[in-house]
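Only the coordinates and a few stated rules stand behind these numbers; no lab work does. Here the structure is a predicted model, which means the values were calculated and not measured. Cβ sites come from the backbone with ideal geometry, for glycine too, and all protein chains shown count toward neighbours.
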C-alpha cells in the first residue's frame, strides 16, 4: 500500500528522482502554532524532487 501524500509533497513517496526533506513550513518539527503542520501532515518531512533538472 502506498504512503499517503501531503499538501507539501511534490510527488508520492518512492517516486524515482525524489527524496525526503525537512518541511519548510514547520522547520521539520511537524507542528505550527495551531497544531499539526498542514503541509507535512505532522511528520516534519515532505517528498521533493532531487537532481535539479
### Query
Over the chain, what is the relative contact order in whole percent, taking alpha-carbon pairs under 8 Å and six or more residues apart?
42
### Task
Between residue 29 and residue 12, with labels modelled 7 Å along Cα→Cβ, what's the label distance in nm to one decimal, could you check?
3.3
### Order of 20, 33, 48 under a 10 Å beta carbon neighbour criterion, fewest first
33, 20, 48
### Summary
The exposure ranking of 18, 5, 34, fewest beta-carbon neighbours within 10 Å first, is 34, 5, 18
### Task
For Rg/Rh (Cα atoms, Kirkwood Rh), several values are listed as [x] 1.20; [y] 1.06; [z] 1.00; flag the one computed from this structure.
[z]
